[in-house]
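For reference, the structure discussed in these notes is given below.
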Amino acid sequence: MRPFEYVRAADAASSTAAVAAVADAKFLAGGTNLVDLMKEDIERPSRVVDIRSLPLREIKRSRAGLSIGALATNTETANHPLIRENYPLLTQAIVAGASGQLRNMATNGGNLLQRTRCNYFYDTATPCNKREAGSGCGAREGLNRMHAILGWSESCVATYPGDMANALYALGASVRVRAPDGRERLIPIAEFHRLPGDTPQRDNTLEHGELILAIELPVAAADFARNAHYLKVRDRASYAFAMVAVAAALDLDGGTIRQARVVLGSVAHKPWRSAEAEAALTGRRATEATFQQAAAAALRDARPLAHNTYKVELGQRSIVRALMRAARLA
Ligand SMILES: Cc1cc2nc3c(=O)[nH]c(=O)nc-3n(C[C@H](O)[C@H](O)[C@H](O)COP(=O)(O)OP(=O)(O)OC[C@H]3O[C@@H](n4cnc5c(N)ncnc54)[C@H](O)[C@@H]3O)c2cc1C
Ligand code: SF4
């Protein structure tokens, strides 16, 4: 690992100032992603600003619904009674991720900002536009079994690997951030992560020095809380990233779907909310046939790579299964 300056921040203002002052500085939260990347020589911050003692751990009711501190751990968040009761989809998604030990360390802010698991991104001997802009993409013609089938560009075919964010997209969350000048802004989660385009080195829309303070959840429609399911398909039953994940939620009026949310994980550079699937569900009867039509609509524009054609059918089947479970038909 390269030498770096370690700064322990006393408050939010000094932490954002300390990061903003150095172009390659990074915040340190649980360290479960950043420290690994530093050891692999992929992240090379000359300054690391430790934010772990900031008072950003609270999970509390807010005017809009629920506010979840950026430094609350994944374990604290998944187990919190307000979340288990009102947003069980979020609990399911978090506990599907990583392992118990990692979730005890990992924070919500760090989880949102975790970087891709593309093998070529981790291998500094191969080209990678995300690691080094303009160097090329090892995965485009390489072993791309785990890579994107939607929204990719010739510059980058990586996926966003996280689980928690898929549920947050389905629940309509926003991310509250603080800029170094003290101003706060609320970023709708749909605008937080980005597609790669020509600048895959940027994973999200945060500006340098902006600190995530909290994740804000709107009041959950009672039905979305009851009729929701997170499905993660992976190579091993635990401690593995998804090949495909689905966050599904239904608002049902008897057997008719009033509203639906379908978000696919690990198929694109960001969680992929499918407007096509949701349109195919709205106003229809909640049946397996309806869910199959929605699944077909969601993957109609998929563009698989040489080694991940399997993700198209797997994605469709996963959508159907997640919706069947959300509707309590399976
Ligand atoms: C073996 C392994 C398996 C895993 N499996 C899964 C899985 O299946 N599913 C899943 O979702 N995740 C998985 N993870 C990822 C894990 O969830 C993340 O590493 C973790 O959530 C990151 O949180 P952290 O607090 O440790 O972040 P850090 O490593 O401390 O930080 C990550 C990034 O976020 C930035 N950052 C952190 N907090 C803030 C903030 N408040 N404001 C602004 N920037 C901030 C840091 O500067 C850094 O760039 C796995 C990780 C490992 C090591
Ligand atoms: S897919 Fe993206 S992260 Fe992976 S090698 Fe290509 S540019 Fe790098």
Determine, for each peptide in 277-283, 21-27, 320-326, 4-10, the mean count of other beta carbons within 10 angstrom over its residues, then list the peptides with the highest first. 320-326, 277-283, 21-27, 4-10
Once phi is turned into ³J(HN,Hα) by the Karplus curve 6.51 cos²θ - 1.76 cosθ + 1.60 with θ = phi - 60°, what whole-Hz value does each residue of the range 142-152 show in order, with x for glycine and proline? x, 7, 10, 4, 8, 8, 6, 10, 9, x, 7
Of all DSSP beta bridges with both partners in the chain, the antiparallel percent, nearest 5, is 85
Mind checking which of M164, M38, M146 has the largest fluctuation in a GNM of the chain, springs on alpha carbons under 10 Å? M38
Chain lengthening between K60 and T126 when straightened (0.36 nm per residue, less Cα-Cα): 19.2 nm
Length gained if R202 through R234 is fully extended, taking 0.36 nm per residue and subtracting the Cα-Cα distance, is 8.9 nm
Could you give me the ³J(HN,Hα) list for the range 272-283, computed from phi with Karplus coefficients 6.51, -1.76, 1.60 and θ = phi - 60°, whole Hz, x at Gly and Pro? 10, 7, 9, 5, 5, 5, 5, 5, 6, 9, 5, x
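For the range 198-247, what is the charge dipole size about the Cα centre, in debye to the nearest 20, if Lys and Arg each add +1 at the Cβ and Asp and Glu each add -1 at the Cβ? Can you show the working numbers first?
Numbers: 5 positive and 7 negative charges, 86 e Å.
The dipole of the range 198-247 has a size of about 420 debye.
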Table column - 3J(HN,Hα) (Hz), the range 79-91, Karplus curve with 6.51, -1.76, 1.60, x for Gly and Pro: 8, 5, x, 5, 7, 4, 7, 9, 9, x, 4, 5, 4
Computed magnitude of the charge dipole of the chain (debye, nearest 20; Cβ of K, R +1, Cβ of D, E -1): 680
Calculated from DSSP H runs of 4 or more alone, at -39500 (n - 2.57) each and per residue, what is the 222 nm mean residue ellipticity of the chain, nearest 500? -7500 deg cm²/dmol
Length-normalised contact order of the range 223-326, Cα under 8 Å, at least 6 apart, in percent, tallies to 28
Mind checking the angle between helix 288-299 and the chain's longest principal axis? C-alpha axes, 0 to 90 degrees, to the nearest 10. 40
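No lab work stands behind these numbers, since they all come straight from the coordinates. None of these values were measured; they are calculated from a predicted model. Neighbour counts run over all protein chains shown; Cβ positions are idealised from the backbone, glycine included.
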